[in-house]
1. Using the Kirkwood radius built from alpha carbon pairs, what does the Stokes-Einstein equation give as D for segment 226-270 at 4 °C and 1.567 mPa s, in µm² per second?
2. Starting from one equal scatterer on each C-alpha and no solvent at all, send me the Debye-based log10 I(q)/I(0) for segment 111-224 at q = 0.13, 0.19 Å⁻¹, two decimals.
3. Residue by residue, what Karplus-based ³J(HN,Hα) values in Hz, rounded to whole numbers, does segment 100-117 have, using 6.51, -1.76 and 1.60 with θ = phi - 60° and x for Gly and Pro?
4. R0 = 30 Å: FRET efficiency of Ser52 with Glu172, Cβ-based, nearest 0.05?
5. Roughly speaking, what is the stretch gain from Asn216 to Asn181, that is 0.36 nm per residue apart minus the C-alpha to C-alpha distance, in nm to one decimal?
6. What would the Debye formula give as log10 I(q)/I(0) at q = 0.10, 0.14 Å⁻¹ for the alpha-carbon point model of the chain, no solvent?
7. Please go through the residue pairs Lys2/Lys243; Lys74/Lys250; Lys74/Lys214; Lys17/Lys56; Lys39/Lys134; Lys134/Lys214 and name each one whose alpha carbons sit more than 23 Å apart in this structure.
Amino acid sequence: MKIVSWNVNGLRAILNKNFATDIQRLDPDILCLQEIKAKPSQLPPDSEFLPSLPFKYFHAAERLGYSGTAIFSKTPCKVLEAENFATNVANTQSLLFPDSMIEPQEGRVQVVDCGAFWLVNVYTPNANGGGELKRLSFRHEFWDPKFCEFLKALEYSKPIVTCGDFNVAHREIDLAHPEQNHRSAGFTDEERKGFSRYIGCDFVDIFRQFYPNKPNCYTWWSYRMSARQRNIGWRIDYFLISKLLAPAIKSIEIYADIMGSDHAPMGIEL
């Protein structure tokens, strides 16, 4: 099975940028998208839109043109809805579905049952939140600990594959200029500790399992200063896998040559 994850920075916009051809080349069994910035009614009909992935599940933000996630699949998926979380997942310990922490809802987390594992598609809130790290305390005190607890509750029943834009570069190797960015959104001590929490809870950063010390591997580049052409980037998109399932991952790749967004798609084979 091949799973591809991609922050598309606007699904309507990327449809005009070789998106269908790029997805055809990648040929995923499941495609997880973040920051779709669209509702299904704003997109082409299913018959005209990625027909190789006919089963489409959208989780749009209430605010128009903002945030949102989507999962496309070759085969049907059973979606875990927020209202069914407590009754379908053991050991929830009265945990909230992560989206419930934000009002109006921003469509940031999707969960589907893939049989042998849960697949979680996430678009983590940016700590900047409009500037000056306005959402950093929310990230540090609420989102990261609660999302980690949420994943562990899901994992109680079966392993987890979590993918998406985590909006943090975990280690200095994960961005081009760490020395200049210690108080920048995405590389604060608080955000890095939040990501370390997932590692401490036995979720594996699969890219670093395969490439523990490989530098210059990024998934996001600023549109300014020709950053992508110069590879001045950040690795802020991840596949986090339950330790039990990690040995089943055959490969992981960042498709840095695929354009259309300020993020590159990533894919795993299992």
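1. Working: Rh = 12.2 Å.
Answer, rounded: 106 µm²/s.
2. -0.53, -1.09
3. Taking θ as phi minus 60°, the curve returns 5, 7, 10, 10, x, 5, 10, x, 9, 9, 10, 10, 10, 8, 9, x, 7, 7 Hz for segment 100-117.
4. On the way: r = 39 Å, r/R0 = 1.31.
Between Ser52 and Glu172 the formula returns 0.15.
5. Numbers: separation 35, 0.36 × 35 = 12.60 nm, distance 1.61 nm.
Additional length available on full extension: 11.0 nm.
6. Taking Cα atoms of the chain as identical point scatterers yields -0.46, -0.97.
7. Details: Lys2/Lys243 19 Å; Lys74/Lys250 20 Å; Lys74/Lys214 33 Å; Lys17/Lys56 20 Å; Lys39/Lys134 27 Å; Lys134/Lys214 32 Å.
Exceeds cut-off: Lys74/Lys214; Lys39/Lys134; Lys134/Lys214.
Each reported figure results from applying straightforward, stated rules to the coordinates on display, with no laboratory input. All of these numbers come straight from a predicted model, not from anything done at the bench. In this analysis, Cβ positions are derived from the backbone assuming ideal geometry, glycine residues included, and neighbour counts consider all displayed protein chains.
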